[in-house]
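For reference, the structure discussed in these notes is given below.
Nothing in this text is a laboratory measurement; each read-out follows from the coordinates by a stated rule. Computed from a predicted model, the values in this text were never measured in an experiment. Reconstructed Cβ throughout: ideal geometry from the backbone, glycine too, with neighbour counts over all protein chains shown.
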Amino acid sequence: METAYLIETVIKIVAVLLIFSALAGLGTYFERKVLAFMQRRLGPMNVGPYGLLQIAADGIKLFTKEDIIPTGVVARIFKIAPVITAATAFMAAAAIPFLPSFTLFGYTVNPIISDINIGILYILGIMGVGLYGPLLGGMASANKYSLISAARGAAVFISYEVITGLSILAPIMMVGSLSLVDFNNYQAGGIGDWIIWSQPVAFVLFWIAAFAETGRTPFHLVANDHEIIDGFGTEYSGMRWGLFFIGEYANMFFISFIIPLIFLGGFGDGSFLGALAFLGKVAFFFFFFLWTRAAWPDVRPDQLMWLCWKVLMPIAVINVVITGFVMMF
Amino acid sequence: MHSEHNEQVITKEVPVKKGYYLVDIEDYPTDGWGKFKRVVKRTLRGELFVGLWVVLREMIKFDIHTIQYPAEKMPIGPRYRAVHEMKRLLESDTERCIGCGLCEKICISNCIRMDTRYDENSRKEVSEYSINLGRCIFCGYCAEVCPELAITHGGRYENASEQREHFIVYEDMLTPIDQMKAGTQQEFQGFGSITPHEDERVKKTPLAY
């Protein structure tokens, strides 16, 4: 039993690592294609059919590029920062159920690495640690723009941690558990049971905060190309930069898994159709990240802080209080 | 400050053209309640969704404007000034260039060099002629000054080279004789060229009034 569990877990970890590293590459392809189509362009077309092998070309380029450590940087911290981003992104995946449990050759597989009873707390905590990637990378880079980006990153991530935590608190109060599997089972009854109907405010707040947590376009000021070059990634090249990239895209995918799990019924009753619907929801939320990047402008850092502390946080607190009153009476 | 600006617009009395109108700019709110109202109004106006719809509409319409360059090319205008061409005479298929040297003289970047000699019929002919494309700025003066419409600009704009000083020589620019025989020599339509239907517009000089 123990060995079987160990082997199963190792296989799951390797599968998640491989699949989501590949998906991160594929995500860049989708992003470039979707953005191109929305801007009446074609996107990558020349490498492979419809540019599909562009990912391979980019991967070869990233892997074989010289690993440059510029003079003046704090080399040790500079080297470790991208690893923190990528590692924390993948560590958060440990508590996410990616699919309903299924039977493979008479062996029941739970596609979750570890169903710990503090799942959401763990994910939020690990995502909070993810802040150290941009922060340390930016501070160690000996570059003004990287430093600005690190400061912004710290401000944004810490502020929006509050929104994420407070907005998710109301659903947690309703479900009475921190495990994402319990969240899914709470909503297993069908569309009518989805938490989004009872917690629409929390859903919108969490969704908005997800953009800040992943640093995507309306809140992309951590690495805003037109004012601070690539932010904390300015001095990075080759695979170290690639690790930042993989971390960002893996984060987008994992957030896209978490939002439907918490608010939109997840994989429902665990049937094949439910699993398909779940993947559809995940695809929509990932697509929405790309969609907003094509449609919306970035906000200013002060507007972002204003939005967080003066608008979203009071709404989140009021939402929690009202939920508490409704549950009490 | 803002209200002053409004007054200015009114007192100036801008002559309003037909179909034009002045955009109505609201005053900025100064008190907290006004700012709050503005935030609520902007939040619920749904402009973000308009933006989302616009890009989604373009994606669904799939009206792609990309030209996949090496495979597809835009048509270029007849007056396009790319790599030079040397034309042949329409009547005799011989070279139009008379070796007058005007193009060499007028070239402002000194990229044209030519050498002439007398041929066996005691006619002047061009023995050497080269254009340094590394220096040429494609201003078109050579084509403009040419009295015989011999040197013109062509449409060949892809001139990548192994060296910066890429030369073209007379033989490369001259219309190939088989193309000339087939009647496919393209006349330059740009400045200095003959306008279409020139023959019909020629008026005979009257002998007496």
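Determine, for B:61, B:87, the number of other Cβ atoms within 10 Å of each Cβ, and report the residues in order from fewest to most.
The most exposed by this proxy come first: B:61, B:87.
With +1 on each Lys and Arg Cβ and -1 on each Asp and Glu Cβ, how big is the dipole of the protein assembly as shown about its Cα centre, in debye rounded to the nearest 20?
860 debye
Using a 10 Å cut-off on Cβ to Cβ distances, tally the other chain neighbours for every residue of B:51-59 and report the average as a whole number.
6
Would you work out which of B:179, B:109, B:133 lies farthest towards the positive end of the dipole of the range B:104-185? Charges go on Cβ: Lys and Arg +1, Asp and Glu -1.
B:109
State the Kirkwood hydrodynamic radius of chain A in Å, one decimal place, computed from all pairs of distinct Cα atoms.
20.8 Å
Where does the range B:84-193 land on Rg/Rh, using Cα atoms and the Kirkwood Rh?
0.95
Calculate log10 I(q)/I(0) of the range A:188-302 for q = 0.13, 0.21 Å⁻¹, where I(q) comes from the Debye formula with a single equal point scatterer on each Cα and nothing for solvent.
Debye curve over Cα of the range A:188-302, log10 I(q)/I(0) at q = 0.13, 0.21 Å⁻¹: -0.59, -1.15.
Quick one: Cα centre-to-centre distance for the range A:20-88 and the range B:141-201, in angstrom?
First find each Cα centre; the distance between them is then 47 Å.
Mind checking which of A:197, A:111, A:10 is farthest towards the positive end of the protein assembly as shown's charge dipole, using Cβ charges of +1 (Lys, Arg) and -1 (Asp, Glu) about the Cα centre?
The Cα lying farthest towards the positive end belongs to A:197.
Which residues does a label at residue B:113 reach in the range B:152-170, if reach means a backbone N under 20 Å from a point 7 Å past the Cα toward the Cβ?
Under 20 Å, as judged by backbone N against the label point of residue B:113, lie B:161-170 of the range B:152-170.
Can you give the Kirkwood hydrodynamic radius for the range A:59-102, in Å, rounded to one decimal and based on Cα pairs?
13.5 Å
In the Gaussian network model of chain B, springs joining C-alpha atoms below 10 Å, which of B:29, B:78, B:196 carries the largest mean-square fluctuation?
Among B:29, B:78, B:196, the largest GNM mean-square fluctuation belongs to B:29.
With a 10 Å radius around each residue's Cβ, average the other Cβ atoms per peptide and rank A:159-172, A:178-191, highest first.
The peptides rank, most packed first, as A:159-172, A:178-191.
What percent of all Cα-Cα pairs in the range B:38-97 falls in each 5 Å bin, counting up from 0?
Cα pair-distance distribution for the range B:38-97, in percent: 4, 11, 9, 9, 10, 8, 8, 7, 6, 6, 6, 5, 4, 3, 3, 2, 0.
Here is the link list: B:105/B:181; A:33/B:41; A:79/A:310; A:12/A:281. Which ones come out longer than 26 Å on Cα distance?
The answer is B:105/B:181; A:33/B:41; A:79/A:310.
With n ≥ 4 as the cut-off for DSSP H runs, can you work out [θ] at 222 nm for chain B, using -39500 (n - 2.57) per run divided by the number of residues, rounded to the nearest 500?
Helices in chain B give a 222 nm mean residue ellipticity of -8000 deg cm²/dmol.
Quick check: the distance between the Cα centres of the range A:205-219 and the range A:92-110, to the nearest angstrom?
28 Å
Could you give me the ³J(HN,Hα) list for the range A:280-290, computed from phi with Karplus coefficients 6.51, -1.76, 1.60 and θ = phi - 60°, whole Hz, x at Gly and Pro?
Result, rounded to whole Hz: x, 4, 4, 4, 4, 5, 5, 4, 5, 4, 6.
Give the percent of DSSP beta bridges with both residues in the protein assembly as shown that are antiparallel, rounded to the nearest 5.
Of all bridge pairs located within the protein assembly as shown, approximately 95 percent are antiparallel.
Can you bin every Cα-Cα distance in chain B into 5 Å intervals starting at zero and give me the percent of pairs per bin, rounded to whole numbers?
Result, from short to long distances: 1, 5, 9, 11, 11, 8, 7, 5, 5, 6, 6, 7, 6, 5, 4, 2, 1, 1, 0, 0 percent.
If you look at just the Cα atoms of the range B:82-127, how large are its Rg and its Dmax in Å?
12.1, 34
Before rounding to the nearest 500, sum -39500 (n - 2.57) across all DSSP H runs of length at least 4 in chain A and divide by the residue total; then give [θ] at 222 nm in deg cm²/dmol.
-22000 deg cm²/dmol
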